[in-house]
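> Dropping a structure here in structure tokens format, bear with me for questions.
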Amino acid sequence: MTQENKKPVSTIDIVNRRLPKRYRAERRFRLYGMIAITASLGFLSLLFISIIGKGYTAFQQTFIQLNVFMDPSMLDQTALANADYNRLVKRSLEQLFPEVETRQDKRKLYRLVSSGAAFQIRSSILKDTGLIGTTRTLWVPADDNVDMVVKGHFRSANGKDHGGPLSEKELEWISRLQSEGRLEKRFNRTFFTGGDSREPELAGIWGAVVGSFLTLIVTLILSFPIGAAAAVYLEEFAPKNQWTDLIEVNINNLAAVPSIVFGLLGLAVFLNFFGLPRSAPIVGGLVLTLMTLPTIIIVGRAALQAVPPSIREAALGVGASGMQTVMHHVLPLALPGMLTGTIIGMARALGETAPLLMIGMVAFIVDIPGSITDPATVLPVQIFLWADSPERAFIEKTSAATMVLLAFLIVMNSAAVILRRRFERRW
């Protein structure tokens, strides 16, 4: 009787019985995904907040107003380039603080102003010799320690401001300058227009930006044509045999090789064997070309594979040759994808440091490079150098340069996205 009443279990009953468990698993999976994304955004936000919080103050610089008398007795018209401009600055400070008499105090007083003040006066005199014999009111850069005090970067663990390496007397002089309106913060143009310097208040990123630009130009000129040609040959013309398979496997493996290996290769081949100039953008560009080529080839092949076979068949059907089919129909359609991959490869190259350290682009270079053979450094290496400097002022410079580098990377990746959306074709 019991067996007669027992109904057979249908498939739909089994499915319905398992549905709540499956729905719970799906909800857990979505929850894990949301937690992962939230955690990622949280860490990314912390990174940006930390960088911006430490670096935004570098876009301002403290300046001190001085009344500088261009003493004709010290400015010989025949040797203006070698005149003692530091002495003019010291005299101006002594006039502002006549009560400072001892040698030790005077030495502290002179340290309030950056050594760049003398160069600023020298440049003004060389530009206009009519200034000799007059008294000029100039805003000259303050020393980096004064700058840090004014910005409140010397802070103890309990949150109280202190003078850092400056003495109480120096802090009193700074307060007096502030009360007299002779000390103020201004936009730091030197950060964007100057080269590297041992003095933090005179250090800028322009030399590194130009070095990065020249290096990327060399990389782009070499890597895009070679990478595109290799992708077209491997995808459209290469015979399918074991040699082609071996080349493809090696290209894919090269894309995962640590970048420092390419730096060692560049050191051995371009510097030691070919004798190319050390620390030059042309060598940096060659090394980064080796590094980005696998990426461009892989992305280029994927873009060529995305072109429907019907395009090739139609072109061949109306009598086009294999070369005409590729050059006139397949390559133009795949070009947007290839350009997108190239921009992403360039963005990766822009942020690389390790391979460039191996070829000497870590050197301290003050001058702005004028060509691809001049000694230069690049922005990531400049950040690395400043991060290794002990002065407190270089911390904000490091963060500010990182902000500039991130801005470049965001612009390049945005350009890749815009290109893809503008020229993308859906089949």
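> Mind listing just one residue for me: the one in region 222-256 that is hydrophobic (A, V, I, L, M, F, W, C) and free of Cβ contacts under 8 Å to residues at least 24 places away in the same chain and, of those, most open to solvent (accessible area, probe 1.4 Å)?
W243
> Further, regarding this structure: List, please: which pairs have Cβ atoms under 6 Å, are six or more places apart or on different chains, and start with a residue in region 311-329 that is open to solvent by less than 90 Å² (accessible area, probe 1.4 Å) and end with one that is of a type in the set (V, I, T)?
R312/T325; A315/T325; H329/I311
> Of all residues in region 41-67, how many are in a helix (DSSP H, G or I) and over 22 Å from the mean Cα position of the chain (by Cα)?
Count: 1.
> Mind checking which pairs have a first residue in region 83-105 that is more than 18 Å from G116 (Cβ to Cβ) and touching a residue at least 40 places away in the same chain (Cβ under 8 Å) and a second that is assigned to a helix (DSSP H, G or I) and not small (G, A, S), Cβ under 7 Å, 6 or more apart or different chains?
F97/L109; F97/W173; D105/K169
> Out of curiosity, is F97 within 33 Å of the chain's Cα centre (by Cα) and either of a type outside the set (A, V, I, L, M) or at pLDDT below 90 (or both)?
no
> Kindly indicate the residue of region 68-77 that is assigned to a loop (DSSP other than H, G, I, E, B) and open to solvent by 80 Å² or more (accessible area, probe 1.4 Å) and also modelled with the highest pLDDT among those meeting that condition.
S73
> State whether one or more residues within region 78-89 are within 19 Å of N145 (Cα to Cα) and open to solvent by less than 70 Å² (accessible area, probe 1.4 Å).
Yes, region 78-89 has at least one match.
> Condition first: part of a loop (DSSP other than H, G, I, E, B), of a type in the set (D, E, K, R) and either open to solvent by 40 Å² or more (accessible area, probe 1.4 Å) or modelled with pLDDT under 90 (or both). Now tell me which residues in region 114-151 satisfy that.
Residue satisfying the conditions is D128 alone.
> Let me ask something else. Within region 2-9, is even one residue part of a loop (DSSP other than H, G, I, E, B), among the aliphatic types (A, V, I, L, M) and free of Cβ contacts under 8 Å to residues at least 24 places away in the same chain?
yes
> Within region 342-356, can you find the residues that are within 17 Å of G207 (Cβ to Cβ) and either in contact with a Lys or Arg (Cβ under 9 Å, 6 or more places away or on another chain) or part of a helix (DSSP H, G or I) (or both)?
Residues satisfying the conditions are L350, L356.
> Go through (1) in contact (Cβ under 8 Å) with a residue 24 or more places away in the chain; (2) surrounded by fewer than 10 Cβ atoms within 10 Å (Cβ to Cβ) one by one and return the number of the condition P20 breaks.
Condition (1) is where P20 drops out.
> Another question, if that's okay. Among the listed residues Q77, Q61, which satisfies the condition of being in contact with a Pro (Cβ under 9 Å, 6 or more places away or on another chain) and not hydrophobic (A, V, I, L, M, F, W, C)?
Q61 is the lone residue from the list that is in contact with a Pro (Cβ under 9 Å, 6 or more places away or on another chain) and not hydrophobic (A, V, I, L, M, F, W, C).
> Can you pull out every residue in region 378-394 that is assigned to a helix (DSSP H, G or I), out of contact with any helix residue (DSSP H, G or I) (no Cβ under 6 Å at 6 or more places or on another chain) and either open to solvent by 50 Å² or more (accessible area, probe 1.4 Å) or within 26 Å of T342 (Cβ to Cβ) (or both)?
P380, F384
> May I ask you to list pairs of residues, at least six apart or on different chains, whose Cβ atoms are under 9 Å apart, with the first in region 176-196 being open to solvent by 40 Å² or more (accessible area, probe 1.4 Å) and the second being of a type in the set (S, T, Y)?
Listed by first residue and then by second, the contacts come to E184/T62; K185/T57; K185/T62; R186/T62; T190/S197.
> Taking A349, is it of a type in the set (G, A, S) and farther than 30 Å from A303 by Cβ?
no
The values are calculated or read from the model by the stated rules, or taken from the named source; none is laboratory data. None of these values were measured; they are calculated from a predicted model. As a convention, Cβ positions derive from the backbone with ideal geometry for all residues, glycine included, and neighbour counts pool all protein chains shown. Side chains included, ligands, DNA and RNA excluded: accessible areas come from the protein's heavy atoms. Shrake-Rupley method; radii C 1.70, N 1.55, O 1.52, S 1.80 Å.
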